[in-house]
Amino acid sequence: MFSAATHRSETQVFRFSCELRHEIDPGQLQHALEETLLDFEAFRVVMKKGIFWHYLEDASLVPEIRQEDRPPCGPLYRGHRPSLLFDVTYFQSTINLEVFHVLSDGAGALSFFKALILKYLSLGMEIPWEEVVPHLTLPSSLSAMKADSFEHHTTGRKIRRIKSPRALRLRGIRYPQNRLKAIRIHLPAKEALTMAKSHQGTLTAFVCACLMRAIWEEFTPRRRKKAPLVISIPVDLRKYYPTDSLRNFFNSILISWPKGKDLPDLEELTIWVDQELKEETRPERLAERMNLFSAIERNMGIKLVPLFIKNIALKIAYDLGQRKNTAILSNVGVIRMEEPFASEIKAMDVCVSTEKMELTMVTYGDVLSVTVTTPFMNPEIQRRWVRLWTDGGLSAQIACNMLDRRDEQ
């Protein structure tokens, strides 16, 4: 699906960033990358076209780090020549890992990224790798890294079709040349969690409620009556089904506020979102979605369709699916490092390419990092989202990859 849905304005690429407390040594980073890849050979692959499917093929390519000189989350798959499906860059004190979603999802890529950061730091601190390995959870084997977890955990039970109506869609003037605006907000993690609990919800539920409230103001009362406001939230299935696979193993749930119904105050909305999250992540509900996804892949009629026709059909299916959500919220969770490495890291960030609006969040230490990416120039949704936190007494550090007059106000 990701390969078929890739185009100039939706590269299907996401990025992890790690800000250290010192300038990056390029030679040391290159050495660390080559060493790390020896433990993650599942990442040393290229994507090729078959008669019926794209497929991943082992390669002997050696990745080369480079200083960052391009916009975030640009295209990584280049069909005209074989290339690895990830990229490592650096700028000043920050290391970036960008990954094409065909290769892995956020949880799988994070395992690789953590190993890379620890390898880099251990080289600089002259700590033997044998002493670092206990800090990591490495896959048991190459075959385990490449395993199709959907196939392994699908039950094959009768599928109940999940119907979802079209959602409210964001509109506006887009940046030229398919550029993305990425606004990064750093909040104090402990205070953010306390604020979420004071609104009777988890951190994810409260962040989602704030996003819904910020987006709600974009729509006129007339448009609110025509379609629901829907936030799509990816769920890492590894939390529910054990696997060592680095390949994609997630599903998305939809938090949908009914059309024509007024949005309640923030606390009531947070409580409602929290209840919806609990309902949608019940094992039975997750199994339904997983079985539906696997049934499409196993369908013999689809398997035998030539790739060039299949790409058209999958692209249409992807676009129709995207119409069923207004925005996306992805919570990577808490990243933990142990000493002596933890104190060398200032913050972790994550962002993703999108054709609409996506809010991604990750916590490291006492920094909750939230990045909102969007192709739209108007920053009002982001501004309203931040104000919901600052009005509650939290301080926010904000950075942006591109500025215009409205951002400076």
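All of the numbers you see were taken from the coordinates with simple rules; none came from a lab. Just so it is clear, the structure is predicted and the values come from calculations on it, not from any experiment. Virtual Cβ from ideal backbone geometry, glycine too; neighbours counted across all protein chains shown.
A few remarks follow.
- Dividing the convex hull volume of the alpha-carbon atoms in the chain by its residue count gives 150 Å³ per residue.
- Of 90, 36, 125, farthest towards positive along the dipole that unit charges on Lys, Arg, Asp, Glu beta carbons give segment 13-153: 90
- What separates the Cα centres of segment 376-402 and segment 11-82 is a distance of 31 Å.
- Cα-centre dipole for segment 176-408 with unit charges at Cβ (Lys and Arg positive, Asp and Glu negative), debye to 20: 1060 debye
- For segment 13-153, the spherically averaged projection of the C-alpha convex hull amounts to 9.5 nm².
- Charge tally around residue 44: other residues with Cβ under 12 Å, Lys/Arg +1 each, Asp/Glu -1 each, net -4.
- Considering helices alone, the calculated mean residue ellipticity of the chain at 222 nm is -10000 deg cm²/dmol, with DSSP H runs of length four and up weighted by -39500 (n - 2.57) and normalised per residue.
- Fewest-first ordering of 120, 90, 240 by other beta carbons within 10 Å of each residue's beta carbon gives 240, 90, 120.
- Efficiency of FRET between residue 284 and residue 320 - r from beta-carbon atoms, R0 25 angstrom, step 0.05: 0.45
- The chain: DSSP helices with Cα axial extent of at least 27 Å and average Kyte-Doolittle hydropathy no lower than -0.5: 106-125
- Extension gain for the segment residue 200 to residue 336, taken as residue separation times 0.36 nm less the Cα-Cα distance, is 46.4 nm to one decimal.
- With neighbours defined as other Cβ atoms within 10 Å of a residue's Cβ, the residues 359, 368 order from fewest to most as 368, 359.
- One decimal place: the segment residue 191-residue 166 gains 5.4 nm when fully extended, by the rule 0.36 nm per residue minus the C-alpha distance.
- Which of 330, 141, 122 has the fewest Cβ neighbours within 10 Å, and the rest in rising order: 141, 122, 330
- Among the GluC sites (Glu not before Pro) within segment 108-206, those in coil by DSSP and having at most 15 neighbouring Cβ atoms inside 10 Å are 126.
- Using R0 = 45 Å, the C-beta based FRET efficiency linking residue 125 and residue 217 works out to 0.40.
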